[in-house]
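Colleague: Mind having a look at this structure? Questions to follow.
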């Protein structure tokens, strides 16, 4: 998968340093994956939540942070739409970010 954009993750872990290693690990796994659909993602990340329209929510750092990625599965591209704390996540509309 091609993940756009790592810069968003980097900016987040600069604020929350304990998220750096988990986000790097997720990024490495995602860039080496060949996910054709949400079921492929769930096979590797069983606790990920498919919220519709190609968006999937990942729990990061033991569920301390949330990552929302919109996937274009036919083109094997994932667009990072949100990364934040649970409090920040609770304040957004996850289906429309």
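The values are calculated or read from the model by the stated rules, or taken from the named source; none is laboratory data. What you are looking at is a predicted structure, and each value in this text was computed from that prediction instead of being measured. So basically every Cβ, Gly included, is an ideal-geometry build from the backbone, and we count neighbours across all protein chains shown.
Colleague: Output the residues belonging to the stretch 32-43 that are farther than 23 Å from residue 95 by Cα and loosely packed, with under 15 Cβ neighbours inside 10 Å.
Modeller: 32, 34
Colleague: Taking the stretch 44-96 only, how many residues are part of a loop (DSSP other than H, G, I, E, B) and surrounded by 13 or more Cβ atoms within 10 Å (Cβ to Cβ)?
Modeller: Final tally of qualifying residues: 8.
Colleague: List every residue pair whose Cβ atoms sit under 6 Å apart, with the two residues 6 or more apart in sequence or on different chains, where the first one lies in the stretch 17-34 and is over 18 Å from residue 77 (Cα atoms) and the second, anywhere, is part of a helix (DSSP H, G or I) and at pLDDT 95 or above.
Modeller: Pairs found: 19/13; 20/13.
Colleague: Would you check if there is a residue in the stretch 17-30 being over 11 Å from the mean Cα position of the chain (by Cα), modelled with pLDDT of 95 or more, part of a loop (DSSP other than H, G, I, E, B) and surrounded by 14 or more Cβ atoms within 10 Å (Cβ to Cβ)?
Modeller: No, the conditions are met nowhere in the stretch 17-30.
Colleague: Let me ask another. Going through the stretch 3-16 one residue at a time, which ones are outside any helix (DSSP H, G or I) and either within 23 Å of residue 95 (Cβ to Cβ) or touching a helix residue (DSSP H, G or I) at 6+ places or on another chain (Cβ under 7 Å) (or both)?
Modeller: Listed by number, the residues that qualify are 3, 4, 5.
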